[in-house]
Amino acid sequence: MKDIKILHQSCCGVNPRIRKQLERLASENNMEVMITDVTDMMETMQFGTTDFPSLVIDGKIINYRQRNSDAELLDILKA
């Protein structure tokens, strides 16, 4: 199971589009994922990024704005 955290700025709230994209990719490829939205600034700072939204997939930080295509995310999920 892949542990995925979606890091957001608290002022911008949660982006359901990102969650839906990840859930769809996982479903289409028979993958199990656990997705958590993280908006608390103190919690997001633990990951050392100020780029939002970002993903933390099994501890690896991914800048979602730079790598958000289905193909790129699927490659990351399969790694």
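Glu43 sits among other residues whose Cβ lies under 15 Å from its own Cβ, and their net charge, with Lys and Arg +1 and Asp and Glu -1, is -2. Subtracting the Cα-Cα distance of Lys2 and Asn29 from their residue separation scaled by 0.36 nm leaves 8.5 nm. Relative to the Cα centre, the charge distribution of the stretch 2-78, modelled as +1 at Lys and Arg Cβ and -1 at Asp and Glu Cβ, gives a dipole magnitude of about 160 debye. Give the share of C-alpha pairs in each 5 angstrom bin for the chain, from 0 to the last occupied bin, in whole percents, shortest bins first. Binned Cα distances yield the sequence 3, 16, 31, 27, 15, 7, 1.
On the basis of the beta-carbon distance and an R0 of 22 Å, Arg19 and Asn68 show a calculated FRET efficiency of 0.95.
Electrostatic bookkeeping for Gly59 treats Lys and Arg as +1 and Asp and Glu as -1; over the other residues with beta carbon under 10 Å from its beta carbon, the sum is 0.
Rounded to the nearest 10 degrees, the angle from helix 16-28 to the longest Cα principal axis of the chain is 20 degrees.
Rule-based calculations on the coordinates, nothing more; no lab input. Everything numeric in this text was worked out from a predicted model, so none of it was measured. For neighbour counting, all protein chains shown are included, and Cβ atoms are generated from backbone atoms with ideal geometry for every residue, glycine included.
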